[in-house]
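Below: one structure in structure tokens.
The values are calculated or read from the model by the stated rules, or taken from the named source; none is laboratory data. Given the structure is predicted, the values throughout are model-derived calculations rather than measurements. Here Cβ is always computed from backbone atoms with ideal geometry, including for glycine, and neighbour counts include all displayed protein chains. What goes into the accessible areas is simple: the full protein's heavy atoms, side chains included, and nothing from ligands, DNA or RNA. Shrake-Rupley method; radii C 1.70, N 1.55, O 1.52, S 1.80 Å.
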Amino acid sequence: MPANGWRPSSTTMTEHPALNDCPAEPLLAEYAMQPLSEIPRGLQEHLESCRSCKRTVARYAALHVVTNALPSTATSARDLWPGISSAMRAAPRHGRMLRVSPARSALAAGIVLTAFLLGRVSVRPELPLASRARVVVTDSLSAAERIQEAGTRYLTALSLLGEAGVPRPARGQGREVAIATLYGATMELARQGRSSANLTIVASLLDHERNETRSGSPAAPSSR
Amino acid sequence: MSTPSASTEIAALFEQEHRRLYLLALRLVANPAAAEDVVQEAFLRAWRSWSDFRGASSRSTWLCGIVVRCALNMLRSERNERSFVSSETHSIESSTRRPQHEARIDLERAIATLPARARAVFVLRDIEGHAVNEEAQLLDIAPGTVKAHLFHARQRLASLIDHHD
């Protein structure tokens, strides 16, 4: 299995000529890869007399054979489970954060974010609203653990923002820029009044990430 | 839902399905690193919405749907359906010249050149074996649209396969 990707052709798929000129050709794509018994009788009779369609059916049959021979699994280059389990551990343990009433969560999140934007408060992991969240404190961790936890925070923030419709930052622009982009998106959501417990968590996670990046801490693994 | 039982079930599901889902993601996004991201994100989303699963399909199919949506979201956000050249591609191509092997390699490459939606339709229908209606639900498009994409994908791929006869 070619698990490491392919070089696609230099042209995108564009409209291409039909495989043959027979008016029945569009039906062949639909039926040619099904058992003969499922092909409409009229089309079966047509195939008995149309050489173009017979050749086209042969192509679809070849496609069917090759498709069925494709492998069904592949192994990724890296072990994906550690990142997943770390993110699960870093997330809230009990229930959904929406157990806090939406009004109260929006108010609290707004207060926290406003205070942060004004520079009057440094976001700490133990926020009243986010007290159920297990935002990781990294001070006492080793460098390797900090790298893993930083990656977990970033991955968690990406995932939560993804659920709010925020796209991932474009690749290749550096970690600090990517974090700043996500932070800007988080602030924009807050300005739109879409405050939520998730948003508070994301702001806290990204703030942690920004501080780590600016202080020159060991670079966290890219979640790409 | 972050309950201990959900975590345990997710772990078991990961062990059972991650290789298949990684290949599915790889065929959809045509980039190994991006496919890894897709799989991780999909399992996290599944874990968070574990309690929302209503049993309309199997857990495996439900998770497959999450992978597909994560893959399509990634393609939309990156606006980049091309990818990534691996140094191993050349070594694979330079190996056996048996026509069937060559056609199989060309098919994987050809699938990667399809537009995202057509690629998803072909992979889910002709490789993964999902029914048209099921696929329409997974992709949130009409069954007729699934058939249209499938027609064009099959026609395109069949014409390319023909070149190696």
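Just to be sure I understand, how many residues within the stretch A:50-61 are closer than 20 Å to residue A:37 by Cβ and either without any contact (Cβ under 8 Å) to a residue 12 or more places away in the chain or open to solvent by 100 Å² or more (accessible area, probe 1.4 Å) (or both)?
Result for the stretch A:50-61: 2.
Check whether at least one residue in the stretch B:7-19 is over 26 Å from residue B:154 (Cβ atoms), touching a Cys at 6+ places or on another chain (Cβ under 7 Å) and at pLDDT 90 or above, and report yes or no.
No: the stretch B:7-19 contains no residue that is over 26 Å from residue B:154 (Cβ atoms), touching a Cys at 6+ places or on another chain (Cβ under 7 Å) and at pLDDT 90 or above.
Any residue at all in the stretch B:59-73 that is within 17 Å of the chain's Cα centre (by Cα), over 24 Å from residue B:16 (Cα atoms) and either at pLDDT 75 or above or not in a loop (DSSP other than H, G, I, E, B) (or both)?
Yes, that holds for at least one residue.
Would you be able to say whether some residue in the stretch B:129-142 is among the acidic types (Asp, Glu) and over 18 Å from residue B:28 (Cα atoms)?
no
Exactly one of (1) part of a loop (DSSP other than H, G, I, E, B); (2) modelled with pLDDT of 80 or more is unmet by residue B:85. Its number?
(2)
Here's something else I'd like to know. In a helix (DSSP H, G or I), more than 9 Å from chain A (Cβ to nearest Cβ), touching a residue at least 40 places away in the same chain (Cβ under 8 Å) and more than 17 Å from residue B:124 (Cβ to Cβ): is that true of residue B:17 in this structure?
no
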